[in-house]
Every structure is written in C-alpha cells, then in structure tokens.
Amino acid sequence: MKVFFWTIAGIVGISLFYVFLKIIADYILYRKNEIESKEDYNYLNAVLLISFLVTGLILFFGYNYFHQGPFLPVNASEHGVYVDRMFWITTAITGFVFLLTQILLFYFSYKYAKGKSKKALYWKNNLLIEAIWFSVPTVAFVVLFMTGNYYWNAINQGVSEDVLEIEILGEQFNWRVRYPGKDGKLGNYNFHYIDGINAMGLDLRDTNGYDDFMPVQLHLPRNKKVMLRIRSRDVIHSVYIPNLRVKMDAVPGMLTRFSFIPRYTTEEMKEITNNPDFNYEIACAELCGRNHFSMLLILVVEDENDYQRWYNKQIPWLARNSEYLVNVPAPGKEKAKLIIEAFSGKIISNL
Amino acid sequence: MEVTKPKRNKLLRFIFTYVFSQDHKMIAKQYLFTAIFWALLGSLFSVIMRIQLGFPDADVSWLKPVLGRWIQDGRLDPEFYLSMVTIHGTIMIFFVLTAGLSGTFSNLLIPLQIGARDMASPFINMLSYWLFFISGFIMFCSLFLSTGPAAGGWTSYPPLSALPEALRGSGGGVTLWIISMVFFIVSTLLGGLNYITTVLNLRTQGMYMTRLPLTVWGLFFTAILGLVSFPVLFSAMLLLLSDRTLGTSFFLSEIYIGGRPLHFSGGSPILFEHLFWFLGHPEVYIAIMPAFGITSEVISIFSRKPIFGYSAMVVSFFIITILSALVWAHHMFVSGMNPFLGSVFSLTSFIIAVPSSVKVFNWLATLWKGSIEFTPAMLFAIGMVSFFITGGLTGLFVANPAIDIMVHDTHFVVAHFHLVMGSAAMFGFICGVYHWFPKMFGRLLNPQLGYLHFWITFAGIYLIFFPMHYVGMAGFPRRYYSFTIFESFSKYYDLNILISVAAFATFGGQLIFIYNFIHSMYRGKTAGRNPWRANTLEWTTEPVPGHGNWNGSLPVVHRWPYDYSKPGAKEDYISQTVPYSETMDSNLPEDQPRPRGGKSNIKEGEKKDEDF
Ligand code: HEM
Ligand SMILES: [Cu+2]
Ligand SMILES: [Cu+2]
C-alpha cells in the first residue's frame with residue numbers, strides 16, 4: 001500500500017516540477033519579449049491552489065491511514081486515559097474545523113478567481129452572520145474548556161492516604177531517586193549538605209532519612225498510587241515520562257509534585273507494544289544545558305511481589321556510607337548506629 | 001523638504017538621505033533591509049539545526065571550514081546546537097517579526113495611509129531604528145565569543161541563563177544577549193510611542209478612526225500591546241543582570257553547581273517565567289497582528305471586494321489586545337504553578353481563540369463571490385490564512401492543560417508556533433513586501449518569480465511543519481540535540497529526514513526572492529501611481545513620494561477604504577479621496593452626509609473640508 005502512497009507523491013512531484021519549469025520558461029520569455037500573460041497566470045494559480053488542497057488532503061489521509069503503530073506513545077497510567085481522551089476529542093473537533101475552513105479557503109480561491117466569475121459582490125457586513133461566528137466558537141471553546149478542566153481537576157485531585165512517596169532530583173545531567181525506608185517517611189532535603197557522595201542532599205539532622213535509599217533505577221509497583229516529589233539542585237529540569245503521561249518541572253528552591261498510577265508492568269508493556277526491548281524511559285523536558293538531550297533514567301514497573309523483593313534488597317544510603325555517621329547530630333546517633341549495624345551484614349554479603 | 005538638507009556636501013547629503021534619514025519611508029527601508037539580513041541568518045541557523053536533527057549520525061566535518069571549533073570529531077557541538085536554537089529564536093521573533101515587521105510597515109504605512117507628512121517625531125523614529133541596529137550589532141558580535149553566544153533558549157530561563165557554570169553560553173553570551181535586548185526594548189518602546197501618537201494625532205482631514213485601513217488598526221494595536229508588555233521584559237532583564245553581576249537572588253535559590261553550593265537564597269525562577277511570558281505571549285500577537293492587518297487589506301483589494309465585517313475586525317483586534325495580556329501562564333501549566341491558576345489561564349486562552357476565529361471567517365467571507373486576482377501578494381495572503389488556521393487549531397490542544405501535560409515542550413509545540421506565528425506572520429510580512437514594494441522603489445517585483453517563490457515556500461513550509469506534529473506526538477522534546485538516545489523518540493527517522501530536506505529546499509527558495517528583490521529594485525517594471533487599483537491614500541502620491549509625501553496640500557478623506565466593486569460605480573475601486581458628491585450613481589443610503597467632528601489637521605493652508 002505504501003507503493004500507492006509514493007506513486008501519488010511522485011506524480012505530484014513531477015507535475016509541480018513541470019509547472020516550475022513552465023513558470024521559469026515564461027519568465028525568460030517575459031524578460032525577452034515583455035509579453036503580458038497575466039490572465040493565464042491567474043488561472044494557473046487558481047488551479048494550483050485547488051490541486052494543492054487535493055494533494056494535501058490525499059497525503060494527509062493517506063499518511064494517517066498507512067501509519068504504523070500508535071500516534072501517541074502507548075499510555076500506561078490511570079490519568080493518562082483522560083489526557084488521551086481529551087487529545088482525541090480535540091483532534092476530532094479541530095480536525096473537522098480544519099477540513100471545513102481549508103476546503104472553503106482553497107475552494108473559494110479557485111471558484112472566484114477572476115475571469116471565471118462576474119463582478120465581485122459588494123457585501124460589507126451582516127450582523128446576524130457575524131453574531132453567529134462570534135457565538136458558535138465561543139460556545140465550542142467553552143465546552144472544550146469545561147471538558148478539559150474536568151479532566152485537569154481529576155488529574156490533580158488531592159493525594160489519597162495510601163500513596164508511595166518518592167523523591168526525584170534533577171541535576172546536570174542525571175536523575176537521582178530516593179525512597180523512604182521501612183518507616184515510610186522521606187528525610188529532609190537540604191542543598192547545603194550536597195557533596196560528591198551525599199548527592200541528594202540528605203539532611204542528617206532529620207532521623208527519618210537514615211533509612212532512605214537511593215537506587216540507580218526507579219522501580220514502581222503496578223496499580224499503586226505514586227507521588228513523585230520533584231526537586232532540582234542546579235537548573236530547571238522537567239520530569240517527563242511519555243508512556244505515563246507525566247510531566248512536571250523540577251525547579252531549584254521549590255518542591256513540585258506529580259501523582260499517578262502505573263497500570264502495566266514493564267513486561268506487560270513489552271507485549272502490549274509488541275516490542276521486546278520496551279522500557280519506560282524518563283526524559284528531561286526543560287532545557288538544562290549541554291546534555292539535556294541525554295538525561296535518560298530507566299523506570300521499571302513490576303507487580304507487587306517483584307517490587308517487594310527488590311525493595312527488601314535495598315540498603316540505606318547511610319549504611320553504605322557509614323563514614324557520614326560523624327555528621328549525625330547527637331540525638332540521632334543511636335538510631336543511625338542501629339540502622340548501620342542492621343545492614344552491615346547485608347553489605348558484606350553483597351560484596 | 002529635501003531642499004533644507006545641506007546640498008553642497010555630497011557626503012553629508014548621502015548620510016542624511018540614506019543613513020541618518022528622518023524620512024519615515026527611508027527608515028522603513030532600513031528596517032526592511034535589516035530584517036532581511038536577520039531573516040537570512042536566522043534561517044541559515046535553522047538549516048544547521050535541521051542538518052543535525054535530520055541526520056543525527058552523519059559526519060559533518062565538511063562544515064568545519066565555516067563553523068571551526070564547533071565541529072569536533074565530525075560532530076556538531078551540542079552546546080553550539082543550543083546556541084543555534086537560541087539565536088534563531090531570538091532573531092526570528094524579535095529582530096524579524098517584531099522590529100522587522102512592525103518597523104517596516106508602521107513606518108511605511110502609518111503616515112502614508114492616514115495622510116500625514118511624517119511620523120509625529122521623525123527624530124525619535126530615527127533613534128528607534130538606530131537603537132535596533134545597535135541591538136542587532138551586539139547580538140551579532142556575541143556570535144563570535146570564544147564561549148559562544150547565549151544558549152539557554154530564547155526564553156532564557158534562569159538559573160541556566162544566569163550561571164556560566166551551568167552553560168558556557170551563559171557567560172559573555174548571555175551578558176551580550178541581555179544588553180542587546182535592553183537596546184531592543186528601548187527601540188521598540190520609542191517606535192511604539194511614535195506610531196500611537198501619529199495615528200492619534202496626525203490623521204488628515206476626514207480620516208476618522210472608523211475610516212482607518214485595517215493595516216493601520218493592526219499596527220496601532222500592535223504598538224499599544226508592545227508598550228504594555230515590553231517594559232515587563234525590561235525589568236526581567238535588569239533583575240537577571242543584577243542576579244548575574246551583583247549577586248542578588250531575584251530568581252535564584254538553593255543551587256549546588258560546579259562542586260559547591262551557591263549563596264543565593266529566596267529567589268524563584270518561576271518569577272522570571274511569569275515576567276518573561278507577560279511579554280512572551282503578547283509578543284506572538286505583536287508578530288501576528290500586523291500580518292492580520294496586511295492580509296485583510298490585500299485580500300480585500302485582490303478579491304475586489306470590501307473586507308467583510310470591518311467593525312468585527314477592529315473589535316477582534318481590540319479583544320485580542322486586551323486578552324493577550326491575560327493568558328501568559330498557559331506556558332507554565334507544568335511549572336509547578338497552582339493547578340487552579342492553570343484552569344484560569346486555560347479559560348482565557350480558549351476565549352482569545354474566538355476573535356482569531358472571527359478573523360478567519362471574515363477573510364473567507366471576503367473571498368466568497370469575489371473576483372480574485374492572484375498577484376504574489378494575494379497568494380501569500382491566502383497562504384497566511386491557511387497557516388493561521390492550521391497552527392491556530394493546534395492552539396486548542398496546548399491551551400488545554402490536560403493535553404499540555406503530554407505535548408508541552410515537545411516538537412508538537414514547535415510545529416504549532418511555527419505555523420501560527422512563524423509562518424503565518426512571515427507570510428504576512430512577505431505579502432506586504434510584494435504589495436508595497438512599488439511604493440518603496442517605484443517598481444514592481446517580478447510576478448513570475450513571485451509565484452515560484454510562493455509555491456516553493458508554501459509547499460515547503462507545510463512539508464516542514466506538518467510532519468513535525470507527528471514527531472511531537474511521539475513525544476520528542478524540543479531543544480534536543482538528538483533523538484537517538486531515547487528509544488521512545490527514535491520512531492520517526494524518515495519524517496525527520498523529510499523535514500530537513502524540505503527545510504533546505506525552502507531556504508533555497510528564498511534566494512529566488514532575494515534575487516527578485518535586488519533585481520527589481522533597479523530593473524523592475526515601473527509601477528506608476530496605483531498599480532493595484534487600490535483605495536488607500538498611499539496610492540495618491542507620486543509613484544515614489546519625496547520627503548513630505550504629498551506635493552501641495554494633504555489629501556482629504558471622504559470615505560472608508562474598502563469601496564471595491566461598488567454597484568453603479570465606473571471603476572471597481574473608489575479612492576478614499578473621492579467625495580460622495582462625485583459618485584452619485586453608487587452611493588448607498590447610509591452614505592448620506594452626517595455632520596461629524598473628526599480630528600482634522602488643517603495646516604499648510606489647506607482648503608476646508610468641502611465634503612458636504
Ligand atoms: C525556515 C524556516 C524555519 C525552520 C526550518 C525552523 C526550524 C526550527 C528548529 C529546528 C527549531 C529548534 C527546535 C528545537 O530543537 O527545539 C526552531 C526553534 C524556534 N524557531 Fe524556527 N524555524 C524556521 C523559521 C522560524 C520563524 C519564521 C520563526 C519566527 C517566529 C521561528 C521561531 C522559532 C522559535 C521561537 C524557536 C524556539 C527557540 C527556542 O526553543 O528557544 N522559526 N526552529
Ligand atoms: Cu534537561
Ligand atoms: Cu502564549
């Protein structure tokens with residue numbers, strides 16, 4: 001079927017080329033003999049306009065018809081259904097208006113080209129018609145707005161109780177993630193404590209953070225509400241997960257959030273997308289410098305069991321970097337030591 | 001008036017006629033030439049970007065003789081790519097579509113179409129051009145810095161644009177960028193003040209506001225909008241400069257970079273985003289409104305029909321001017337701003353689409369039952385409407401935060417704004433050049449080359465920007481040096497090649513225009529007084545008017561500018577200077593004389609209005 005498509009493209013190309021040659025030839029003639037061929041050109045342009053419309057529409061429909069695979073990345077999040085639905089509703093409405101107005105534009109240009117029609121109509125205004133085309137778009141746009149706003153509110157609805165909070169931090173040019181330990185609470189962040197090892201600025205004055213861990217990949221359980229707490233430590237970045245319809249800026253000096261529910265595991269997505277190499281990819285969507293285009297972090301969505309298994313293997317950051325114990329203030333020392341000891345065996349067995 | 005110039009000294013005379021001219025028509029040409037220079041450079045930069053995006057794996061060592069150290073190991077330097085993106089955007093938006101478009105046509109058309117001898121202040125007018133020139137000169141110099149020009153995007157969000165540690169171009173590059181913008185803003189403000197004053201005060205006798213051509217209305221509202229919004233960018237620039245040099249923390253806070261925490265605290269980059277977009281959104285209307293005006297005028301003339309819904313057009317301009325200052329945060333739906341604010345700005349963004357739709361319908365209604373002459377200007381006007389429809393409709397996607405989550409900062413947005421603003425406004429600009437070239441140089445541009453130029457550009461732009469929607473829908477983010485790192489974004493190798501090839505061809509097509517322009521300036525067919533058989537006042541002057549525009553007294557206006565194909569009239573056009581008393585056969589009931597106190601400007605011994 002592609003053949004059909006390219007045949008048409010070829011015919012169009014050749015005819016355009018012919019027309020160009022004709023215009024150039026005429027231009028040379030014109031320069032030589034000062035011929036006046038205005039009327040011809042009027043007709044030629046009218047025909048070209050209508051053919052442009054027709055070929056444009058054929059290419060447009062042809063391309064969409066023969067397009068392989070989905071237009072938007074396969075959606076795998078609960079709220080993404082709203083995003084996609086809104087997208088396609090808008091496409092339907094604007095698509096209709098697009099076809100209508102473009103067809104009228106080119107058709108009128110062709111139909112009323114000089115020479116073919118009589119004298120132009122002296123028609124200045126018509127209050128009724130103008131009132132209609134002030135009010136019909138108004139109604140249409142307000143309806144679009146209200147639908148969109150309904151979904152927007154649904155996407156942003158308040159955070160429920162049972163939610164997994166994970167911190168994600170943008171830096172030039174990496175994403176870093178931090179999970180709460182068994183206490184389920186993330187420790188505080190403070191950029192003053194950032195250094196080569198404490199890259200996520202864990203504030204050791206906050207005892208909640210002693211059991212936090214920082215894996216190299218983001219793992220999420222399926223069908224559980226996740227809230228990303230999004231930060232940046234240098235410039236603005238933006239967490240962007242195409243398949244989950246997630247996008248939220250990471251702004252230095254400010255905490256932003258985005259919650260969502262992933263519905264399919266990575267394995268399931270491999271089947272759905274028919275792509276054995278599929279991976280959820282996290283990208284950066286706000287220009288952040290030289291390697292903005294390569295801030296890739298892999299996200300793994302698993303079922304609850306696999307997730308728990310992975311989770312239980314993780315070792316708190318403090319246990320891995322026990323030399324930071326000296327930075328822990330006196331009230332927290334006991335708790336910190338306990339955590340380090342609890343995991344010391346694990347670290348050795350991991351080695 | 002020329003006589004007052006020092007005649008003996010040829011050099012001085014040359015300088016005051018061509019360089020430090022205070023004649024609005026010469027200043028218009030200066031703007032035009034400068035804009036063409038910048039447009040070529042800006043397009044050349046986009047060609048470099050398209051080489052990179054279309055052929056991300058190709059060896060580009062062959063560019064080394066031109067780009068030197070920005071090519072390493074056969075690869076374009078990623079930071080240089082970002083510089084190209086940034087300077088391309090800045091040039092196109094500010095230098096071409098703001099200064100170039102408004103500057104050329106406000107200068108050329110406002111005095112000529114309202115019947116004035118010059119701008120309210122010719123001196124400030126000249127100053128405004130030269131500030132723009134300096135601004136461009138500084139930007140041009142920044143291209144040759146060893147650390148490269150600004151690279152943080154035309155939006156130049158801090159902290160990226162504030163910290164040289166974050167990006168090399170944010171050193172000297174951004175300093176020069178800011179200084180250039182400061183000059184630019186002052187230039188725009190001086191120009192705008194002048195345009196507004198001129199329209200309000202220097203209209204000739206009988207030229208009531210309700211009889212202004214739509215071009216003048218468009219340029220007038222553009223100037224107002226610029227005056228409202230550019231000062232906000234000015235303050236953002238000063239605060240950014242202060243953060244960069246004085247160590248203040250307006251936009252910066254809690255930053256760890258280059259291996260150490262910085263002292264900034266309490267500032268917010270979000271504040272900069274608000275200030276920037278308070279200009280940034282009106283800016284897109286500053287680019288498009290002159291194009292609206294030009295298109296309306298040209299479509300009416302070459303359909304040989306009155307523009308449909310003149311008052312609806314003016315009302316739409318008015319609503320757009322007001323609303324465009326109230327939609328800025330639709331660029332910030334996912335910036336961490338309160339979602340409720342998102343709803344508010346989404347609503348205003350949808351509403352501003354109404355006056356834009358009305359304009360499109362009015363243009364269509366003007367074409368209906370016309371008698372259309374396809375001059376190159378007319379073709380470009382039709383192309384402008386087509387682009388505006390295509391690009392405007394995707395505005396309904398990005399105005400909706402529920403969709404914007406997906407498409408924000410992807411090539412979908414790049415496609416949207418290039419069609420609705422870049423291409424549509426650019427076509428309005430080119431349309432104006434074809435149409436008023438005779439007024440500037442007394443000669444016509446060659447129409448055949450014009451057709452060639454139109455068809456290559458029109459088809460080319462659709463081939464560039466229509467496929468880009470698909471690339472954007474797949475999720476490819478903008479300002480990416482390459483899509484190959486992510487499997488998600490690597491879906492459209494073929495489309496990216498198509499886009500790039502189309503971009504090269506389109507760029508090539510512009511050379512036809514340049515040739516035509518230069519050739520016709522000297523050798524083109526002479527135009528005569530009124531080559532398009534149009535009604536407005538600029539066609540009542542000598543073919544190439546001297547300083548002062550009209551020999552003898554100023555023309556007196558008796559009617560609106562769109563009396564085309566009026567039933568009963570001898571010709572299919574009636575100039576604004578023809579009194580109703582001379583057109584008894586074509587007068588309509590509403591053309592009856594009404595006593596009115598309009599602005600009149602009876603100077604230089606003009607006769608009193610003999611209208612009625
Ligand atoms: C020859 C036609 C043009 C081509 C091929 C072209 C191509 C491009 C490309 C490839 C980008 C970078 C996309 C990215 O990586 O994010 C871009 C950005 C941009 N272009 Fe164009 N462009 C053209 C004309 C214009 C015009 C006429 C305007 C005037 C409004 C314009 C305004 C912009 C702006 C504002 C940006 C964004 C810069 C930024 O992200 O900071 N372009 N263009
Ligand atoms: Cu980034
Ligand atoms: Cu906007």
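The values are calculated or read from the model by the stated rules, or taken from the named source; none is laboratory data. Just so we're clear, the structure is a prediction, and the values are computed from it rather than from any experiment. All Cβ positions, glycine included, derive from the backbone under ideal geometry; neighbour counts span all protein chains shown. Accessible surface is based on the protein model in full, side chains and every heavy atom, while ligands, DNA and RNA are left aside. Shrake-Rupley method; radii C 1.70, N 1.55, O 1.52, S 1.80 Å.
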Subject >> Mean accessible surface per residue for the range B:89-130, computed with a 1.4 Å probe while every protein chain stays in place, in Å² >> reply: 15 Å²
Original post:
Taking a quarter of the surface of the convex hull around the Cα atoms of the range A:164-350, what do you get in nm²?
Top reply: 11.0 nm²
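On a 1.4 Å probe surface of the protein chains, which of B:His281, A:His192 comes out largest in accessible area, and what is the full order?
Values: B:His281 15, A:His192 115 Å².
Largest accessible area first, the list is A:His192, B:His281.
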Original post:
What is the ratio of the Cα radius of gyration of the range B:84-177 to 2.2 N^0.38 Å, where N is its residue count, to two decimals?
Top reply: 1.35
Subject >> Nearest-20 debye value, chain B charge dipole, Cβ charges on Lys, Arg, Asp, Glu >> reply: 1440 debye
Subject >> For the range A:164-350: accessible area per residue (Å², 1.4 Å) >> reply: 39 Å²
**OP:** Divide by every residue of chain A the summed helix terms, -39500 (n - 2.57) for each DSSP H run of at least 4, and state the resulting mean residue ellipticity at 222 nm, rounded to the nearest 500 deg cm²/dmol.
**Re:** -16000 deg cm²/dmol
Original post:
Per the Debye formula with a single identical scatterer at each Cα and no solvent contribution, what log10 I(q)/I(0) holds for chain B at q = 0.09 Å⁻¹?
Top reply: -0.73
Subject >> Selected from B:Ser356, B:Leu498, A:Ser322, residue furthest toward positive end of dipole (the protein assembly as shown; charges at beta carbon) >> reply: B:Ser356
Subject >> Among A:Met254, A:Met227, A:Met295, residue whose mean-square fluctuation peaks in a GNM of chain A (springs only between Cα atoms under 10 Å) >> reply: A:Met254
Original post:
Taking a ≥ b ≥ c as the square roots of the eigenvalues of the Cα gyration tensor of chain A, is the shape rounded (a/c under 1.5), prolate (a/b larger than b/c) or oblate?
Top reply: prolate
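Dipole magnitude of the range A:164-350 about its Cα centre, charges +1 at Lys/Arg Cβ and -1 at Asp/Glu Cβ only, in debye to the nearest 20?
It comes to approximately 300 debye.
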Original post:
Share of the range B:28-523's accessible area from carbon and sulfur, percent, 1.4 Å?
Top reply: 74 percent
Original post:
Expressed as a whole percentage, what fraction of the accessible surface of chain A belongs to carbon and sulfur atoms when a 1.4 Å probe is rolled over the protein heavy atoms?
Top reply: 61 percent
**OP:** Would you mind telling me which residue in A:Lys335, A:Lys270, A:Lys118 has the biggest mean-square fluctuation in a Gaussian network model of chain A, where springs connect alpha carbons within a distance under 10 angstrom?
**Re:** A:Lys118
**OP:** Using only Cα atoms, find the angle between the long axis of helix A:38-66 and the longest principal axis of chain A, and express it within 0 to 90 degrees, rounded to the nearest 10.
**Re:** 30 degrees
Original post:
For the range B:445-553, rounded, prolate or oblate, judged on the Cα gyration tensor with a ≥ b ≥ c (square roots of eigenvalues), a/c < 1.5 rounded, else prolate if a/b > b/c?
Top reply: prolate
Original post:
Looking at the range A:161-234, which GluC sites (Glu not before Pro) are DSSP coil and have at most 16 other C-beta atoms within 10 Å of their C-beta?
Top reply: A:Glu161
Original post:
Any idea how far the Cα center of the range B:559-580 sits from the one of the range B:229-244, in Å?
Top reply: 50 Å
**OP:** Pull up the DSSP beta bridges for the protein assembly as shown and report the antiparallel fraction as a percent, rounded to 5.
**Re:** 70 percent
**OP:** At 1.4 Å probe size, with no ligands or nucleic acids counted, give the accessible surface of B:Arg559 in Å², nearest ten.
**Re:** 0 Å²
**OP:** Measure nothing but the geometry: give the 0 to 90° angle between the long axis through the Cα atoms of B:447-473 and the longest principal axis through the Cα atoms of chain B, rounded to 10°.
**Re:** 40 degrees
Subject >> Ranked order, B:Val385, A:Val326 - accessible area, probe 1.4 Å, largest first >> reply: A:Val326, B:Val385
Subject >> Most positive-pole-ward Cα, A:Met214, A:Met254, A:Leu49, against dipole of chain A from beta carbon charges >> reply: A:Leu49
Subject >> the protein assembly as shown, dipole about Cα centre (Lys/Arg Cβ +1, Asp/Glu Cβ -1), debye to the nearest 20 >> reply: 2560 debye
**OP:** Compute the FRET efficiency between B:Phe123 and B:Leu511 as 1/(1 + (r/R0)^6), taking r as their Cβ-Cβ distance and R0 = 35 Å, and round to the nearest 0.05.
**Re:** 0.40
Original post:
In peptide A:125-138, how many Cβ atoms from other protein chains are near each Cβ within 10 Å, on average?
Top reply: 5
**OP:** Pull up the DSSP beta bridges for the range A:164-350 and report the antiparallel fraction as a percent, rounded to 5.
**Re:** 65 percent
Original post:
So how much slack lies between A:Glu341 and A:Asn305, counting 0.36 nm per residue of separation and subtracting their Cα-Cα distance, in nm?
Top reply: 10.3 nm
**OP:** Please give the helix B:269-303 orientation as an angle from the longest Cα principal axis of chain B, in degrees from 0 to 90, rounded to the nearest 10.
**Re:** 40 degrees
